[in-house]
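Student: Take this structure, written in structure tokens, and hold onto it; I'll ask about it next.
The values are calculated or read from the model by the stated rules, or taken from the named source; none is laboratory data. Nothing here was measured: the structure is a model prediction, and the numbers come from that model. Because the Cβ atoms are built from the backbone with ideal geometry, glycine has one as well, and the counts that use them run over all protein chains shown.
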Amino acid sequence: MNDGILPVSTRPRSVATHHKVLDSTNKLLREVGFRGISIERIAEHSGVSTATLYKHWPTKNAIVAEAFGRVATEALKVPTEGDPLANLIDCTVESLTFHSVQSGRVFFQLLAACSLEPHGAAYFDQFYLIPRRKSLEPVFARALASGQLAEGLEIDVAMDVAFGAAVFRLMRDTEDVDLASIEDTVRWSVRGLLAEQH
């Protein structure tokens, strides 16, 4: 377990409370957004005391990171059939547009907040980043196995390249998100990963 991740009791009551808080936090994210959430507001919405919240999480950002990470990972549809390269592009675009449209910039606000807070960063890594990268690994592995991507390319590097420019573009275009331009950015990024054609 990562440093900064508080252990959760396996007692049914404790597990139920944990999930209740995560569900309430995700509802608040949809209703008031990341900036509208506080520990006190989570406590009021979930009916769980602030003292109990701090037994499960060290900070508000840690709660949001786990709650949002769970929903974001569950929402990701990973194809197992069809053209591997097309699947890779589609999954990348779908993941990015989930952040930008359905979740109202939560990803970027959370990323910024957690980058300044060690405890939050640990939760962001454990509950958001690691699960999503693991979910996407088979998509990138299929594309590599198909011979469409450059030989010797590492999956972690391929993920960083596929997502990097589009994430930067989304962070820059904070008001209006042009989904066509995001898909175009991903396609141009992925072109740099392709195997050479002889």
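Student: Can you pull out every residue in region 182-196 that is touching a residue at least 24 places away in the same chain (Cβ under 8 Å) and under 21 Å from the mean Cα position of the chain (by Cα)? Working first, answer last.
Tutor: Keep residues of region 182-196 that are touching a residue at least 24 places away in the same chain (Cβ under 8 Å), which gives 182-183, 186-187, 189-190, 192-196.
Hits for region 182-196 are I182, E183, V186, R187, S189, V190.
Student: Here is a further query. Out of E40, E31, E44, E81, I need the residue that is of a type in the set (D, E, K, R), assigned by TED's automatic domain parsing to the domain that holds L136 and either out of contact with any Leu (no Cβ under 9 Å at 6 or more places or on another chain) or under 20 Å from V167 (Cα atoms) (or both). Which one?
Tutor: Exactly one of E40, E31, E44, E81 is of a type in the set (D, E, K, R), assigned by TED's automatic domain parsing to the domain that holds L136 and either out of contact with any Leu (no Cβ under 9 Å at 6 or more places or on another chain) or under 20 Å from V167 (Cα atoms) (or both), namely E81.
Student: Separate question: Can you confirm whether T25 is surrounded by fewer than 20 Cβ atoms within 10 Å (Cβ to Cβ) and either in contact with a helix residue (DSSP H, G or I) (Cβ under 8 Å, 6 or more places away or on another chain) or in contact (Cβ under 8 Å) with a residue 24 or more places away in the chain (or both)?
Tutor: no
Student: Kindly check whether there is at least one residue in region 75-83 that is part of a helix (DSSP H, G or I) and either on the phi > 0 side of the Ramachandran plot or touching a Ser or Thr at 6+ places or on another chain (Cβ under 6 Å) (or both).
Tutor: Keep residues of region 75-83 that are part of a helix (DSSP H, G or I), which gives 75.
From what's left, either on the phi > 0 side of the Ramachandran plot or touching a Ser or Thr at 6+ places or on another chain (Cβ under 6 Å) (or both): none.
Among the residues of region 75-83, not one is part of a helix (DSSP H, G or I) and either on the phi > 0 side of the Ramachandran plot or touching a Ser or Thr at 6+ places or on another chain (Cβ under 6 Å) (or both), which makes the answer no.
Student: Out of A65, A72, report the one residue that is modelled with pLDDT of 90 or more, within 17 Å of Q126 (Cα to Cα) and either in contact with a helix residue (DSSP H, G or I) (Cβ under 7 Å, 6 or more places away or on another chain) or assigned by TED's automatic domain parsing to the domain that holds F108 (or both).
Tutor: Unique residue meeting the criteria: A65.
Student: State which residue is surrounded by the fewest Cβ atoms within 10 Å (Cβ to Cβ) when the search covers only region 125-153 and only residues that are closer than 19 Å to A72 by Cα and among the charged types (D, E, K, R).
Tutor: Among them, the one singled out is K134.
Student: For region 83-104, indicate whether the set of residues that are more than 30 Å from A143 (Cα to Cα) and surrounded by fewer than 21 Cβ atoms within 10 Å (Cβ to Cβ) is non-empty.
Tutor: Filtering region 83-104 for residues more than 30 Å from A143 (Cα to Cα) gives 104.
Pick out the ones that are also surrounded by fewer than 21 Cβ atoms within 10 Å (Cβ to Cβ) and you get 104.
Yes.
Student: Going residue by residue through region 18-25, is there one that turns out to be modelled with pLDDT of 95 or more, over 14 Å from A65 (Cβ atoms), over 20 Å from the mean Cα position of the chain (by Cα) and not hydrophobic (A, V, I, L, M, F, W, C)?
Tutor: Yes, there is a match, as at least one residue in region 18-25 is modelled with pLDDT of 95 or more, over 14 Å from A65 (Cβ atoms), over 20 Å from the mean Cα position of the chain (by Cα) and not hydrophobic (A, V, I, L, M, F, W, C).
Student: Among (1) part of a helix (DSSP H, G or I); (2) over 14 Å from the mean Cα position of the chain (by Cα); (3) over 20 Å from A67 (Cβ atoms), there is one condition V167 misses while meeting the rest; what is its number?
Tutor: Looking at each condition in turn, V167 falls short on (2).
Student: Would you be able to tell me the number of residues in region 2-18 that are within 14 Å of W57 (Cβ to Cβ) and exposed (fewer than 13 other Cβ atoms within 10 Å of the Cβ)?
Tutor: The qualifying residues number 3.
Student: May I ask you to list pairs of residues, at least six apart or on different chains, whose Cβ atoms are under 6 Å apart, with the first in region 147-165 being in the same structural domain as S95 (by TED's automatic domain parsing) and the second being among the aromatic types (F, W, Y) and in a helix (DSSP H, G or I)?
Tutor: I155/F140; A158/F140
Student: Within region 120-156, which residues are under 23 Å from W57 (Cα atoms) and among the aromatic types (F, W, Y)?
Tutor: Correct list: Y123, F124, F127, Y128.
Student: Out of (1) more than 19 Å from R187 (Cα to Cα); (2) buried (at least 18 other Cβ atoms within 10 Å of the Cβ), the odd one out for L116 is which?
Tutor: (2)
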